[in-house]
Structures are given as C-alpha cells and as structure tokens.
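For reference, the structure discussed in these notes is given below.
The values are calculated or read from the model by the stated rules, or taken from the named source; none is laboratory data. Computed from a predicted structure; not experimentally measured. Don't worry about glycine lacking a Cβ; one is built from the backbone with ideal geometry, like all the others, and counts go over all protein chains shown. The accessibility values were calculated without ligands, DNA or RNA, using every heavy atom of the protein model including side chains. Shrake-Rupley method; radii C 1.70, N 1.55, O 1.52, S 1.80 Å.
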Amino acid sequence: MGLRERKKALKRQEIVTVATTLFEQKGFDKVTVAEIARQAGIAPKTLFTYFKSKDDIMFHNETALLGAIRHLIQQQTSIANLWPAFHQFTEALPTDESVQGPLQATRQLMINVSRNPELSARRLQMWATYETEIQAALLEQRLTDSLTAQVLAHQMILVLQIMFAEAIPDELWQARVTRIFNATSQVASLTNEVDMTL
C-alpha cells in the first residue's frame, strides 16, 4: 500500500471513529453528515468520497464475516459436507481466534442497529448481500446447481440472522446454535412428510 492509500485508509478510520463516538453520544438519527465531517476535519463533500451515506459509515464493516464463510465454502469438495461444516463453523465462532475480529465487529454492528430501528432496512440489505455472495461462492466452487445454491445460501443466512438478532453470551452460544440447527432439521423432516402425502 502506497503513502496515498495509507493516508486515505487512516482518514477513513478516523471518520468511522468520530462517527461512532457521535452516534453513541447523541443517537444515530440526531447526528448529521456535516457534523461528522466537521469533527473529522474535512468538508462534507470530501466525506462523501469515503462513504456514500451516514448508513454506510455505520455499516462500514458489514461484510466482516463474509471472508471466513467464503473460505469455508472453498474448503468443501462436496455439497453434502457443507451444512455440517457450517454448523461447526457457527458453533465455534466465539472460540475461533481467527474470526474474533469479524465476530466482534458483527456483534457490535447488530447491537448498534437494534438501538436504531431506522437502520432495520439497511440490515436486511446487508444480509441480502451475504446471501448473494454465498450463492456465488457455491457456484464458483461448482458444489451444486443455481437453485440449490440459492436455497442453501438462504438457509445459512437465516441461521446467522437468528444468531445475531440478539446479544448471546459466549457460554450460551453453542446451545443456541444446536437448537437452531435441530430446528432446521425438524422443518426439513416435516417438509418431507408433507411431500410424501401429496
């Protein structure tokens, strides 16, 4: 990374730090872009070269976990192994040192969103991005067809949405994951029973 890129990265982080402090002090909806820019020592127009909107500042690290999920998919050689592997991945999140940064970033983001209901639509957009990227990764890995990839990606995101919908202590995390995956298995069984009666 060159000097210019480093300076830009540092300024971007400064904007995030300033904005986060203001959001915590005043509330997301009461902070203006002009105020963030002033505190960061730049013009509002300059701020928009780093972030398109105030929402984007809040969601600056929204895809933090996506890299780890892509890596998980790339390690699979069969679609049959992916769901059990994703179960293990999700269960181990609080204890896996390699994902602590992304995990904490996602947890904090979800806490911030829960305090600001006006960001709910943006949260849905975030999970939609995850779903699209996971589906693409499944197809790139040639693990399955497009329709199955779409359904599986949706199921994986549903698990993450439930897990991050509220603050779950580390000591309760594993039990919650187990309950969710058991529930998905039960739903699949019920669906199969319905299909057999048609």
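Any chance you could check the Cα centroid distance between the stretch 63-97 and the stretch 117-157 for me, in angstrom?
After rounding, the separation between the Cα centres reads 14 Å.
Using +1 on the beta carbon of Lys and Arg, -1 on that of Asp and Glu, and nothing else charged, what's the dipole of the stretch 71-198 about the Cα centre, debye to 20?
Dipole about the Cα centre, nearest 20: 260 debye.
What is the angle, in °, between the Cα long axis of helix 3-26 and the longest principal axis of the Cα atoms in the chain? Nearest 10 is fine, range 0 to 90.
With rounding to tens, the tilt is 90 degrees.
What distance in nm separates the two pseudo spin-label positions at residue 127 and residue 71, each 7 Å out from Cα along the beta-carbon direction?
In this crude label model, residue 127 to residue 71 measures out at 2.5 nm.
For the chain, what's the relative contact order in percent, using C-alpha pairs closer than 8 Å and at least 6 residues apart?
Details: 127 pairs, mean separation 37.2, N = 198.
The value is 19 percent.
Kindly provide the trypsin sites (Lys or Arg not before Pro) of the stretch 79-148 that DSSP labels as loop, not H, G, I, E or B, and whose Cβ sees at most 16 other Cβ atoms within 10 Å.
On the way: sites: 107, 115, 122, 123, 142; in loops: 115, 142.
When the trypsin sites (Lys or Arg not before Pro) of the stretch 79-148 are filtered for loop state and at most 16 Cβ neighbours within 10 Å, 115, 142 remain.
Percent of accessible area on the stretch 1-106 owned by carbon and sulfur, 1.4 Å probe?
Values: 3170 of 6020 Å².
Carbon plus sulfur share of accessible area: 53 percent.
Measuring from centroid to centroid over Cα atoms, what is the spacing of the stretch 14-52 and the stretch 167-189 in Å?
Computed from Cα coordinates, the inter-centre distance equals 38 Å.
Enumerate the calculated ³J(HN,Hα) couplings along the stretch 128-141 in order (Karplus 6.51 cos²θ - 1.76 cosθ + 1.60, θ = phi - 60°), each rounded to whole Hz, writing x wherever the residue is Gly or Pro.
5, 5, 4, 4, 4, 5, 5, 4, 4, 5, 4, 6, 4, 7
Measuring with a 1.4 Å probe in the full set of protein chains, what accessible area per residue, in whole Å², belongs to the stretch 52-99? Kindly include the intermediate steps, with their values, before the conclusion.
Values: 2380 Å² over 48 residues.
On a per-residue basis, the stretch 52-99 sits at 50 Å².
Sort largest first and round to whole Å: the equivalent ellipsoid semi-axes of the chain, each the square root of five times a Cα gyration tensor eigenvalue.
36, 19, 16
With a point put 7 Å past each Cα toward its Cβ, work out how far residue 14 is from residue 87 in nm, to one decimal.
Between residue 14 and residue 87, the label points sit 5.0 nm apart.
Can you compute the FRET efficiency between residue 5 and residue 186 using 1/(1 + (r/R0)^6), with r the Cβ-Cβ distance and R0 = 41 Å? Round to the nearest 0.05.
Step by step, r from the Cβ atoms, then E = 0.25.
With n ≥ 4 as the cut-off for DSSP H runs, can you work out [θ] at 222 nm for the chain, using -39500 (n - 2.57) per run divided by the number of residues, rounded to the nearest 500? Intermediate values should be presented prior to the final figure.
Numbers: 10 runs with 146 residues, N = 198.
Computed mean residue ellipticity for the chain: -24000 deg cm²/dmol.
Please enumerate, by chain and number, the lysines with C-alpha under 25 Å from the C-alpha of residue 26, excluding those fewer than 8 residues away in the same chain.
Qualifying lysines at Cα under 25 Å: 11, 45, 52, 54.
Return one number: the angle in degrees, 0 to 90 and rounded to the nearest 10, between the long axis of the Cα atoms of helix 79-92 and the longest principal axis of the Cα atoms of the chain.
Computed tilt is about 50 degrees.
Loop only by DSSP, 14 or fewer other Cβ within 10 Å of the Cβ. Give me the chymotrypsin sites (Phe, Trp or Tyr not before Pro) in the stretch 42-107 that pass, ordered by residue number.
Those satisfying the criteria are 48.
Measure nothing fancy, just the Cα-based angle from helix 100-114's long axis to the longest principal axis of the chain, in degrees from 0 to 90, nearest 10.
The angle comes out at about 80 degrees.
Among 39, 76, 148, whose Cα projects farthest towards the positive end of the dipole of the chain, with charges put on the beta-carbon of Lys, Arg (+1) and Asp, Glu (-1)?
39
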